[in-house]
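The values are calculated or read from the model by the stated rules, or taken from the named source; none is laboratory data. None of these values were measured; they are calculated from a predicted model. Glycine gets a Cβ as well: all are built from the backbone with ideal geometry, and neighbour counts include every protein chain shown. Side chains included, ligands, DNA and RNA excluded: accessible areas come from the protein's heavy atoms. Shrake-Rupley method; radii C 1.70, N 1.55, O 1.52, S 1.80 Å.
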Amino acid sequence: MKKIFVIFVLIFNFQSWSNAGDITDFELEGMSIGESALKYFSKNELKNFKFGFNSKEFAYVSIPLNKLNTYEDGLIIIKPTDELFKIHSISGRMFFNEDIDGCYREQETIADEFSNAFDQAKRSAKNKYEYVADKSGKSTVQTINFIFSNGSGAHVGCYNINIDYLNTNNMYPSTASLSVSLNSAQFMYFQKNR
């Protein structure tokens, strides 16, 4: 029942996005790229950022569970030196336990809705590859990406992570997870060139 509700919420939210020109016209969990994170978080919450990259250019802040409506986990990416804490990326995750096929079905549903809503974006072909962090080669990622002409974009990915890797790295308890993100052009460039 929860998945049916999530699909309904996603479809309902995406329908209002049609004919948008770039990623800043969209929302994920009520937030948009380019907005100040101070609209949603206190300065103290934002000062508790963490670095998830070798570079210190961008940092992430977890979205508290009480601020999540659609997803089970989420985060925003900011520049820690930016006093306005402009949002450069928003992502949400849903967990599918060991049901990777359920994740793939949900991924296709969301990607189809994005295709309808993102009429100005180019949709990539489905791409499946090994999850780089798992050196055993037993984990995979399947992605569908949307790129706008200004370089901003969206990502819909299914992560099929090996249970041994999850246990070793104290990660979330689900081998199959769906990640949806909206990303600024600046963050997309950073991701591609880091």
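Kindly establish whether residue 83 is open to solvent by 70 Å² or more (accessible area, probe 1.4 Å), under 14 Å from the mean Cα position of the chain (by Cα) and at pLDDT 90 or above.
Judged against the criteria, residue 83 is not a match.
This table checks each residue for (1) closer than 20 Å to residue 180 by Cα; (2) within 16 Å of the chain's Cα centre (by Cα); (3) modelled with pLDDT of 95 or more; (4) in a loop (DSSP other than H, G, I, E, B).
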residue: 34; (1), (2), (3), (4): yes, yes, yes, yes
residue: 54; (1), (2), (3), (4): no, no, no, yes
residue: 71; (1), (2), (3), (4): yes, yes, yes, yes
residue: 77; (1), (2), (3), (4): yes, yes, yes, no
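If residue 89 passes every condition in (1) modelled with pLDDT of 95 or more; (2) more than 13 Å from the chain's Cα centre (by Cα); (3) of a type in the set (S, T, N, Q) but one, which one does it miss?
Evaluating residue 89 over (1) modelled with pLDDT of 95 or more; (2) more than 13 Å from the chain's Cα centre (by Cα); (3) of a type in the set (S, T, N, Q) leaves (2) as the failure.
If only one of 46, 38 is outside any loop (DSSP other than H, G, I, E, B), within 24 Å of residue 79 (Cα to Cα), open to solvent by less than 40 Å² (accessible area, probe 1.4 Å) and at pLDDT 65 or above, which one is it?
Working: 38 fails: open to solvent by less than 40 Å² (accessible area, probe 1.4 Å).
Exactly one residue qualifies, and that residue is 46.
Among the residues of segment 142-156, is any more than 29 Å from residue 34 (Cα to Cα) and touching a residue at least 40 places away in the same chain (Cβ under 8 Å)?
Within segment 142-156 (the criterion being more than 29 Å from residue 34 (Cα to Cα) and touching a residue at least 40 places away in the same chain (Cβ under 8 Å)), the answer is no, since none of the residues qualifies.
Among all residue pairs at least 6 apart or on different chains, which show Cβ distances below 8 Å where the first residue, located in segment 23-47, is within 11 Å of residue 88 (Cβ to Cβ) and the second is open to solvent by less than 30 Å² (accessible area, probe 1.4 Å) and part of a helix (DSSP H, G or I)?
Going by the 8 Å Cβ cut-off, the qualifying pairs are 33/23; 37/46.
Are any residues in segment 83-101 over 26 Å from residue 23 (Cβ atoms) and among the hydrophobic types (A, V, I, L, M, F, W, C), and if so, which ones? Steps first, answer last, please.
Keep residues of segment 83-101 that are over 26 Å from residue 23 (Cβ atoms), which gives 97-101.
Of everything in segment 83-101, just one residue is over 26 Å from residue 23 (Cβ atoms) and among the hydrophobic types (A, V, I, L, M, F, W, C), namely 100.
Name the single residue that is nearest to residue 68 (Cα to Cα) among those in segment 134-181 being of a type in the set (Phe, Trp, Tyr) and open to solvent by less than 10 Å² (accessible area, probe 1.4 Å).
Looking at residues that are of a type in the set (Phe, Trp, Tyr) and open to solvent by less than 10 Å² (accessible area, probe 1.4 Å), I get 146.
What pairs come up if the first residue lies in segment 167-178 and is on the phi < 0 side of the Ramachandran plot, the second is assigned to a strand (DSSP E or B) and surrounded by fewer than 21 Cβ atoms within 10 Å (Cβ to Cβ), and their beta carbons are under 6 Å apart, counting only those six or more places apart or on different chains?
Here the result reads 174/95; 176/160; 177/93; 177/95, each pair linking segment 167-178 to a residue that is assigned to a strand (DSSP E or B) and surrounded by fewer than 21 Cβ atoms within 10 Å (Cβ to Cβ).
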